[in-house]
Structures are given as C-alpha cells and as structure tokens.
Amino acid sequence: MTSIHSGGCQCGAVRFRVTGVLKDSSICHCRMCQKAFGAYYAPLVSTRGAVLEWTRGERKTFRSSNFALRGFCGDCGTPLTYEAPDGIAIAAGAFDDPSLLPPVVQFGTEAKIGFVDRLHLLPGHTTEEDAVEAPFVLEVVSYQHPDQDTEHWPEQPR
C-alpha cells in the first residue's frame, strides 16, 4: 500500500513529501546523532524504497563524517536529514504526524545514555499544569508552521 507523508521544519521554510511505504523507523544513540539533534538520541525514518520530494525551500547540510551529511533548515535550525551512501533518513519529528512512524529498531547503542530506558518512569505534566510555576505558558502564541502543507507561509518574527 502506497502512502504519502509530508512534513517540514519548524518555521515552514523547508517542506517535504515522501510517497511510498515507510517501514524503517529507528532511534540512533550514537554521539554524532546526539549532537546533530541536540538530544539524547535521534529518531529517524528511512526513505529507502520511497520517493522523497522537497516541496518548499532547500535544506542546508553539514558533513558530519566522511560518509554522512546532516540536513537542516538554514532559517530555524530544525534537524531534517541523515544522508549516507545507503539513502536518506528524515527526522521523525519533522513529519506532520510522527505518531504514524513508530521506531522498530535502535542503532548506536554503545553510546546510549543509561537513563534513556527509564524516561517513561518520570512524572508527567500537561502544559496547563506547568502554569503554576510558569504562567506565561497559558499565553503562548505559536509561530510554528502548522502540521500540514500550506500554499505559502509568511516569515515569522525572530
């Protein structure tokens, strides 16, 4: 079954569409991915066997190793791709609906940070619950691009 998944960066300057079956979602714990995403790990979705189209703007790239390019939005900095000889993987969170692409494997586990396996044990709070300590959260106006394709997107305040 062929499917279409779209997504893009936080500011909307770069958008993409993937047509085809996406079945290789992963989490990479290697140190390069940790740094590239500024996170404990990188959730990625391989586009192998599917068609990837850039529908708005162009990503910038950084060569993080002799084999890998890291794509990102040059305007807002959103991590977008991991590009290697075996194909391009898209940052899972850049998809409009990342919940449709659950990870099925983990890589780079030699660099996995120990507490990652216990994150689900931490207390959780809704945004509204956080308002007791940070009341501004109730007045946040998002300038983030919506999770859908748009014909154009205005430049946002910086």
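The values are calculated or read from the model by the stated rules, or taken from the named source; none is laboratory data. Everything numeric in this text was worked out from a predicted model, so none of it was measured. Glycine gets a Cβ as well: all are built from the backbone with ideal geometry, and neighbour counts include every protein chain shown. Accessible surface areas use protein heavy atoms only, side chains included; no ligands, DNA or RNA. Shrake-Rupley method; radii C 1.70, N 1.55, O 1.52, S 1.80 Å.
Structure notes:
- Counting residues in region 105-119 that are free of Cβ contacts under 8 Å to residues at least 24 places away in the same chain and of a type in the set (Lys, Arg) gives one or more.
- Residues satisfying the stated conditions in region 63-74, i.e. outside any loop (DSSP other than H, G, I, E, B) and either within 13 Å of ALA89 (Cα to Cα) or out of contact with any Leu (no Cβ under 7 Å at 6 or more places or on another chain) (or both): LEU69, ARG70, GLY71, PHE72
- The residues of region 91-134 that are open to solvent by less than 60 Å² (accessible area, probe 1.4 Å) and under 24 Å from PRO146 (Cα atoms), listed by number, are ALA91, ALA92, ALA94, PHE95, ASP96, PRO98, LEU101, ALA131.
- Residue match in region 32-45 (condition: surrounded by fewer than 17 Cβ atoms within 10 Å (Cβ to Cβ) and aromatic (Phe, Trp, Tyr)): yes
Matching residues to (1) modelled with pLDDT of 95 or more; (2) farther than 18 Å from TYR40 by Cβ:
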| position | (1), (2) |
| --- | --- |
| GLY74 | yes, yes |
| SER99 | yes, yes |
| VAL105 | yes, no |
| PRO135 | no, yes |
| VAL140 | no, yes |
| ASP149 | no, yes |
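- Residues located in region 31-58, provided they are in contact with a strand residue (DSSP E or B) (Cβ under 7 Å, 6 or more places away or on another chain) and hydrophobic (A, V, I, L, M, F, W, C): CYS33, ALA36, PHE37, ALA42, LEU44, VAL45, ALA50, VAL51, LEU52, TRP54
- Residue that is nearest to VAL116 (Cα to Cα), among those in region 30-62 that are small (Gly, Ala, Ser) and part of a loop (DSSP other than H, G, I, E, B): ALA39
- Flag for ILE27 being over 28 Å from GLU151 (Cα atoms), at pLDDT 95 or above, not polar (S, T, N, Q) and not in a loop (DSSP other than H, G, I, E, B): yes
- When THR19, THR109 are checked against the criterion of being closer than 13 Å to HIS5 by Cβ and hydroxyl-bearing (Ser, Thr, Tyr), THR19 stands alone in meeting it.
- Matching residues, region 54-90, being among the hydrophobic types (A, V, I, L, M, F, W, C) and open to solvent by 30 Å² or more (accessible area, probe 1.4 Å): TRP54, PHE62, PHE67, LEU69, PHE72, CYS76, ILE88
- Failed item, numbered, when GLU129 is tested on (1) assigned to a helix (DSSP H, G or I); (2) closer than 25 Å to GLN34 by Cβ: (2)
- Scanning region 109-127 for residues that are modelled with pLDDT under 95 and charged (D, E, K, R) yields a total of 0.
- Filtered by the rule that a residue be among the small types (Gly, Ala, Ser) and touching a helix residue (DSSP H, G or I) at 6+ places or on another chain (Cβ under 9 Å), region 48-65 gives SER64, SER65.
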